[in-house]
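**Q** Handing you a structure now.
The values are calculated or read from the model by the stated rules, or taken from the named source; none is laboratory data. Please read these numbers as outputs of a predicted model, since none were measured by experiment. Counting neighbours? That spans all protein chains shown, and the Cβs are built from the backbone with ideal geometry, glycine included.
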Amino acid sequence: MHGSPNTNDDNHGTACAGVISCSWGPKDGTGAVDPLPDNVRAAVHYCVTQGRNGLGIPIFWAAGNGNESVSNDGYASNPEVMAVAASSNNPDTGISHPANDHDYTDDFGGTSSATPLAAGITVLLSINPNLRVEDVKQILRDTADKIDPSKPASRLPD
């Protein structure tokens, strides 16, 4: 990679992004299987493997609010991203974060608000900017409160 981290040259902007938070995906609750488009898969792979000058960019993806398996959602079930649920015991997701804090708002919740909150944990990158995506995943695995400690965090693959 060349150019300064503040330019948008061959890096496709990935030298600038420290974390990516995606609070969008296919329509929830339909039961349909929505595959990940090849161009999105390629972009995610590029960010995770080449971003931050080869250390990778952690990508958090909203797992959806449709009360269905995240495996139906090709975006959130992509093993290169970290799927985020909103305070549920969904065994398909790697991270669950509280979503509706009525002290601040009562009209923005679910996985769309939980995902950026979980992504905020990656402030770790400002403390140790040499952490790789795998390191961030491992820190989350090791330090998060477990909803069901008998089940491993299956959606945070190595």
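**Q** Which ones in the range 53-69 are touching a residue at least 40 places away in the same chain (Cβ under 8 Å), touching a helix residue (DSSP H, G or I) at 6+ places or on another chain (Cβ under 9 Å) and not β-branched (Val, Ile, Thr)?
**A** 55, 56, 58, 60, 61, 62, 63, 64, 65
**Q** Can you spot a residue in the range 108-116 that is of a type outside the set (Gly, Ala, Ser) and modelled with pLDDT under 80? Talk me through it step by step, then tell me what you get.
**A** The initial filter retains those residues of the range 108-116 that are of a type outside the set (Gly, Ala, Ser), namely 108, 111, 115-116.
Filter once more, keeping what is modelled with pLDDT under 80: 108, 111.
Within the range 108-116, one or more residues are of a type outside the set (Gly, Ala, Ser) and modelled with pLDDT under 80.
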